[in-house]
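This report refers to the structure that appears directly beneath it.
The values are calculated or read from the model by the stated rules, or taken from the named source; none is laboratory data. This is a predicted model, so every value here is computed, not measured. Heads up, the Cβs are rebuilt from the backbone with ideal geometry, glycines too, and the neighbour counts pull from every protein chain shown. With ligands, DNA and RNA removed, areas are computed over all heavy atoms of the protein, side chains included. Shrake-Rupley method; radii C 1.70, N 1.55, O 1.52, S 1.80 Å.
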Amino acid sequence: LRVLCLQDDSADRVIEMLKGAMAECRQGNPDRLSVDIGPVIDAEAKAGIDKHIESMRAKGRSVYQTSIISGEDFRRGTFVQPTLIELESIDELEREIFGPVLHIVRYSRKNLDRLIQHINGSGYGLTLGVHTRIDETIAKIIGNVHAGNVYVNRNIVGAVVGVQPFGGEGLSGTGPKAGG
């Protein structure tokens, strides 16, 4: 699940920055260095992602999409518009979505324990990242979130193959992953 949990007091600013970054992304054939986002794996995956986006829109969720520039790549490929969906709760997600879709959940600092319960209740637990300067928050999250990999104040991609362990919990699998 690709979910960005934003504390209420910073959410609006971060969302605006994300929208700006999304507007700069280029879709197309990934063999070009200028391309940021390629197609999803096949037509079935595209249909499933598009259905998910439409179901969130039908529920009244805020859905923001950047426009796709037409061209030969888009007529031949299985492209999904980069999409940002604001959810009321992580519980709204029923399955993993593999594509250029980011879900956002706002939370109040006083409800951090409830957010952790929702994260753990999702059943997925591959990777989690936390950005904070508050040691108490880091300790609470690391000590309570069920995830195979937890990164603090850094990006959440880039486990070095053959050097760093990489594995998940729950529906994200258990034990080391390939290359881990």
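Structure above, values below:
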{"quantity": "Selection status of A139, loosely packed, with under 11 Cβ neighbours inside 10 Å, closer than 26 Å to M17 by Cα, small (G, A, S) and without any contact (Cβ under 8 Å) to a residue 24 or more places away in the chain", "calculated": "no"}
{"quantity": "In the stretch 61-94, residue modelled with the lowest pLDDT [restricted to those that are out of contact with any helix residue (DSSP H, G or I) (no Cβ under 8 Å at 6 or more places or on another chain), within 21 Å of H118 (Cα to Cα) and open to solvent by 60 Å² or more (accessible area, probe 1.4 Å)]", "calculated": "E94"}
{"quantity": "Matching residues, the stretch 49-60, being without any contact (Cβ under 8 Å) to a residue 12 or more places away in the chain and either of a type outside the set (S, T, Y) or crowded, with 17+ Cβ neighbours inside 10 Å (or both)", "calculated": "K51, E54, R57, A58, G60"}
{"quantity": "Any hit, the stretch 3-22, residues being open to solvent by less than 90 Å² (accessible area, probe 1.4 Å), assigned to a helix (DSSP H, G or I) and farther than 30 Å from I134 by Cα", "calculated": "no"}
{"quantity": "Single residue of I49, I90, I68 found to be of a type outside the set (D, E, K, R) and under 21 Å from G121 (Cβ atoms)", "calculated": "I90"}
{"quantity": "Leading residue by the ranking (nearest to N120 (Cα to Cα)) among those in the stretch 1-24 that are without any contact (Cβ under 8 Å) to a residue 40 or more places away in the chain and among the small types (G, A, S)", "calculated": "S10"}
{"quantity": "Odd one out for V35, checked against (1) open to solvent by less than 50 Å² (accessible area, probe 1.4 Å); (2) without any contact (Cβ under 8 Å) to a residue 40 or more places away in the chain; (3) of a type in the set (A, V, I, L, M); (4) closer than 17 Å to L102 by Cβ", "calculated": "(4)"}
{"quantity": "The stretch 117-130, subset more than 15 Å from V105 (Cα to Cα) and in a loop (DSSP other than H, G, I, E, B), residue most open to solvent (accessible area, probe 1.4 Å)", "calculated": "L126"}
